[in-house]
Amino acid sequence: MRRPSKPHYVAAAAALSLLLAACSGTTATSTPGAGAYTLSASTPLPKGDIASFTWGLYAEPPGLDYIYAFDYPQNMILSNVCESLMRWTPQLTMEPGLATQMENPDPQTFVYTIRPGVKFHGGGEMTADDVVYSIRRHLDPALGSYWNKAVGNVDSVTKTGAMQVTVKLKRPDALFPQWMATSAGTVVSAKAAKAMGKKFGTADGGLDCTGPFKLGTWTKGQSIDVDRFDGYWGKRAKAGKVTFRFIPDIAARTTAMVTGETDGGYLITPDSYARLESSGKGKLYFGKSLTTVNLGVTNLKGAVGDVRVRKALMLALDRQGFLKTGLGGLGSVSAAPASRDAWQGVPKATVDAAYNGLAPATRDLAQAKQLVQQAGATGKKVVVATSPIGPDVSLLATAVQAAGTEIGLNVELKTIAPDAYTALFSDPKAREAVDLFPNTYYLSVTDPLANYSLFRTGDFENYTGFSDPAYDKLVDQALAEYDPAKRAVLTAQLQKLETDQALWIPVAEWPTTMFLNNRITGAPTSISYMYYPWAADVGAAG
């Protein structure tokens, strides 16, 4: 599906391993053996503008070209500088962006009416030609966009009116409209991008987009500034400037927030919670997220090729223990790979039914041992990948080893260097040496079908190599269903099929975490910061 590189969904897994957080829910919640936390729908509205604020990032983006924007640092900045045809909201719903209207005259056709009078940062005015050019960049195999999963089904992109663009698909795809609210739907100045060439999105080149902020000074290894764009078509940003500081060390990043050197940050780690909360310098928030921790299955030819062994490991794994030690003691274990927050716009009864029909997430060592014996797998070797990336990876791998040993398996840990660990998500050869690996996964669209469609035969992210014509047919049926409620029923069937096969062993889910110091407010609490211009909402707290 993509060139051999880091897919945008899971390329962040190595980085996420450094970003341990709590799990998700919809209200104040708790789980046995874990602390309670409350999800905040929003933060208090600002009382005025602010000259500037500083935001902490765990890493410097390798670039800011939207077609390669697959990870947190890139998107957290780009969401404020560049815009897409549609827009994610803080509530993880979708609204018009650079398109004022989207029509779907038939299942394979989407017609976008382009917003008039929108200015690029460089001074030009956005046209339908810019939209066509921007989407077609994803389709150019020579460029190797990381968003092929979103646009790989596109058959054509054409200008069909002065301010109208029509996208034709090869087959129906109910997720396509949501993809246009991500970097897959970003619009840039065709003239500027062509002129910059390979320097587009780099410190030496730049960007020419339409967002509430424009790219300012990029000091390599230190920071990126974005400055308020006074020609913005939408709501004026409350801050005149935002400085994104790169602070890889977790303790140093926390210290910067406590001292006021930085005003806030997303992706707060559990070992920083107590210090930030007791500092009196600001507030820690939890919000909706679409991220889960799972144990990925990579080898259906070895011992874990028998579904009974996979189910045995699922029954034996001490997920509550991992939640406490690996995720800071906050959150909930999960019974399926997809987060509950992904089921937006779906009747609660449908969601409840989708999860109530799954196997319970409780330990049962006796049954697990029996399954291993029935599979004739007692004493067989199972190789689990581990890495010194962060405690979530190493502790989960250790927990799997302990569980496997208890039920009669010979579990071997294979240590992989942090830089090489991400290859597990993109290179089949890298996965040949392991049977299982900790898998941190976030969705970029608010629909669990995006998760379960990856188990279709031949999908790039189908790490197991699983193939079932009946499953493939159901995925195609779900993708062709544009009614959210009806699609959810089909997706629930896929979820049941996937969990029955235990292709991923679900472990936990957690919310977005964010810290704001006492002088700023207004930032959204959800994972919407990936594609919503969140920094424009931040202003003075008092």
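Results, tabulated for the structure shown:
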{"read-out": "Gyration tensor (Cα) of region 130-179, equivalent ellipsoid semi-axes in angstrom", "value": "17, 15, 9"}
{"read-out": "If the convex hull is drawn through the Cα atoms of region 116-202, its volume per residue in Å³", "value": "105 Å³"}
{"read-out": "Calculated on alpha-carbon atoms, Rg and Dmax of region 400-542 in Å", "value": "19.7, 61"}
{"read-out": "Relative contact order for the chain, counting Cα pairs under 8 Å that sit 6 or more residues apart, in percent", "value": "27 percent"}
{"read-out": "Quotient of C-alpha Rg and 2.2 N^0.38 Å, computed over the chain", "value": "0.95"}
{"read-out": "Entries of K281/K324; K214/K241; K199/K235 with Cα pairs more than 21 Å apart", "value": "K281/K324; K199/K235"}
{"read-out": "Kirkwood-Stokes translational diffusion coefficient of region 291-384, alpha-carbon pairs, 25 °C, 0.890 mPa s, µm²/s", "value": "163 µm²/s"}
{"read-out": "Centre separation in Å (Cα based) which lies between region 45-60 and region 186-252", "value": "14 Å"}
{"read-out": "Average projected area [Cα convex hull, region 92-239], square nanometres", "value": "9.7 nm²"}
{"read-out": "Hydrodynamic radius by Kirkwood, which averages 1/r over all alpha carbon pairs of region 350-424, in angstrom", "value": "14.3 Å"}
{"read-out": "Whole-percent pair-distance distribution, where bins are 10 Å wide, for the alpha carbons of region 234-307", "value": "14, 32, 25, 14, 12, 5"}
{"read-out": "Stokes-Einstein D for region 182-243, Kirkwood Rh over Cα pairs, 25 °C, 0.890 mPa s (µm²/s)", "value": "193 µm²/s"}
{"read-out": "Along principal axes, Cα extents of region 209-353, largest first, whole Å", "value": "60, 37, 34"}
{"read-out": "Taking the C-alpha atoms of region 209-257, convex hull volume expressed per residue in Å³", "value": "92 Å³"}
{"read-out": "Shape metrics for region 151-197, restricted to C-alpha atoms - Rg then Dmax, Å", "value": "12.5, 35"}
{"read-out": "Binned Cα-Cα distance frequencies in region 82-150 - 5 Å width, integer %", "value": "3, 13, 19, 24, 22, 14, 3, 0"}
{"read-out": "Separation between Cα centres of region 66-89 and region 310-354, rounded to whole Å", "value": "28 Å"}
{"read-out": "Hull volume in cubic angstrom per residue (convex hull over the Cα atoms of region 386-470)", "value": "132 Å³"}
{"read-out": "Percent carbon-and-sulfur accessible area, the chain, ignoring ligands, DNA and RNA, probe 1.4 Å", "value": "51 percent"}
{"read-out": "Highest-first arrangement of 168-181, 456-469, where packing means the average Cβ count within 10 Å", "value": "168-181, 456-469"}
{"read-out": "Probe 1.4 Å, protein heavy atoms only - accessible area per residue of region 251-401 in square angstrom", "value": "38 Å²"}
{"read-out": "Debye log10 I(q)/I(0) at q = 0.11, 0.20, 0.21, 0.22 Å⁻¹ for region 29-160, Cα point scatterers", "value": "-0.59, -1.44, -1.51, -1.57"}
{"read-out": "Listed residue (S467, L284, S84) projecting farthest to the positive dipole end of the chain, Cβ model", "value": "L284"}
{"read-out": "Radius of gyration, Dmax [region 466-521; alpha carbons; angstrom]", "value": "17.9, 56"}
{"read-out": "Aspartates and glutamates with Cα under 18 Å of K194, excluding same-chain neighbours fewer than 8 positions away", "value": "D65, E125, D129, D130, D140, D204, D208"}
{"read-out": "1.4 Å probe accessible area per residue over region 86-167, in Å²", "value": "40 Å²"}
{"read-out": "Dipole magnitude of the chain, debye to nearest 20 (Cβ charges: Lys/Arg +1, Asp/Glu -1, about Cα centre)", "value": "220 debye"}
{"read-out": "Solvent-accessible surface ranking, highest first, for I250, I77 at 1.4 angstrom", "value": "I250, I77"}
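The values are calculated or read from the model by the stated rules, or taken from the named source; none is laboratory data. Bear in mind that the values here come from a model prediction, so they are computed numbers and not experimental data. Cβ atoms come from the backbone with ideal geometry, glycine included; neighbour counts cover every protein chain shown. Each accessible area value is taken on the protein alone, full model and side chains, heavy atoms only, with ligands, DNA and RNA left out. Shrake-Rupley method; radii C 1.70, N 1.55, O 1.52, S 1.80 Å.
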